[in-house]
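The values are calculated or read from the model by the stated rules, or taken from the named source; none is laboratory data. All figures in this text were calculated on a predicted structure; none of them were measured in a lab. As a convention, Cβ positions derive from the backbone with ideal geometry for all residues, glycine included, and neighbour counts pool all protein chains shown.
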Amino acid sequence: MIATAPTSIDTPSPGRLMSLDVFRGATIASMILVNNPGNWGAIYKPLDHAEWHGWTFTDLIFPFFIWIVGVAIPLSTARRLEQGQSRQQLLGHALRRSVIIFALGFFLNSFLYLIDGSLFRDGFSAWFHNYATTVRVPGVLQRIAVCYFIATMIFLGTGIRGQIIWIAALLAGYWVLMIVGPWFGWGTGGLEPHGNFSEYIDNLCAPFASPDTAPFFGFLASPKNASLIWALMYVIGLYLIAYGMYRRKWFLKS
């Protein structure tokens, strides 16, 4: 009788959260789907962004990524704290990672300028002028980098109560600025696609859109806070859905 070797079973590596990995994979698959909807002239509505007010399935992809970042923050910081790293070291690690993520995103935005032949066709001076004036600084990875670093700073410097206060302050503050910004000459007023406070900031510096609170909800929902927080967020989530549908006449989806 020939002995057979036991069948190996792949198990997740220690410290990994399988549910988060599954959700990340599903989000990446969804991103590929909405970025390749088939015929761009006849897109299935859920696979296209809302023109302005409202939201579709496509509009959930980026918040999903940011939420994933938020869930991962307590997991990664807890391991590093157990290894004896200080909060200053953790912040330095977050800054270093944010810079790398931002640089990768900017490189992807710049890559087409390097391979389209314009450098050799137009000469360096004309190429550089076109590149410097038209290259898109923000992008998905850049936004993730900024959100990740700010969320890490808040997570390391506050407890649950402070994090909830930050969530409320960011949401309320953004709404107030959108409404009263024009009083100070910040935009022309209103919540229309053009002339609002958000567009004013976009034109002033770089279009990083509104303060994204998804990472804060993410680290509130981490395993560290267990089932009580999950139940609380479920109830709050249902309330916010109802509230969002009610207040849509006064504010935007973002």
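Looking at the range 180-190, which of its residues are assigned to a helix (DSSP H, G or I) and either in contact with a helix residue (DSSP H, G or I) (Cβ under 8 Å, 6 or more places away or on another chain) or hydroxyl-bearing (Ser, Thr, Tyr) (or both)?
Matches in the range 180-190: Gly181, Pro182.
Regarding Gly105, is this residue of a type in the set (Gly, Ala, Ser), under 21 Å from the mean Cα position of the chain (by Cα) and either at pLDDT below 85 or under 23 Å from Val69 (Cα atoms) (or both)?
Here the answer is yes, as Gly105 does meet what is asked.
Quick check on this structure: which one of Gly157, Gly173, Gly84 is of a type outside the set (A, V, I, L, M, F, W, C) and within 27 Å of Leu191 (Cα to Cα)?
Answer to the selection: Gly173.
Going through the range 34-59 one residue at a time, which ones are in a helix (DSSP H, G or I) and surrounded by 14 or more Cβ atoms within 10 Å (Cβ to Cβ)?
Those that are in a helix (DSSP H, G or I) and surrounded by 14 or more Cβ atoms within 10 Å (Cβ to Cβ): Val34, Leu47, Phe57, Thr58, Asp59.
Among the candidates Ser227, Ser210, Ser198, single out the residue that is of a type outside the set (A, V, I, L, M) and either at pLDDT 75 or above or touching a Gly at 6+ places or on another chain (Cβ under 8 Å) (or both).
Step by step, each of Ser227, Ser210, Ser198 is checked, and only Ser198 is of a type outside the set (A, V, I, L, M) and either at pLDDT 75 or above or touching a Gly at 6+ places or on another chain (Cβ under 8 Å) (or both).
From the list Ser19, Ser98, Ser30, Ser76, which one is surrounded by fewer than 12 Cβ atoms within 10 Å (Cβ to Cβ), part of a helix (DSSP H, G or I) and among the hydroxyl-bearing types (Ser, Thr, Tyr)?
After applying the criteria, what remains is Ser19.
Yes or no: Phe155 assigned to a helix (DSSP H, G or I), among the hydrophobic types (A, V, I, L, M, F, W, C) and surrounded by fewer than 12 Cβ atoms within 10 Å (Cβ to Cβ)?
no
If I filter the range 60-68 for residues that are of a type in the set (Phe, Trp, Tyr), at pLDDT below 85 and farther than 22 Å from Ile160 by Cβ, do I get at least one hit?
No, the conditions are met nowhere in the range 60-68.
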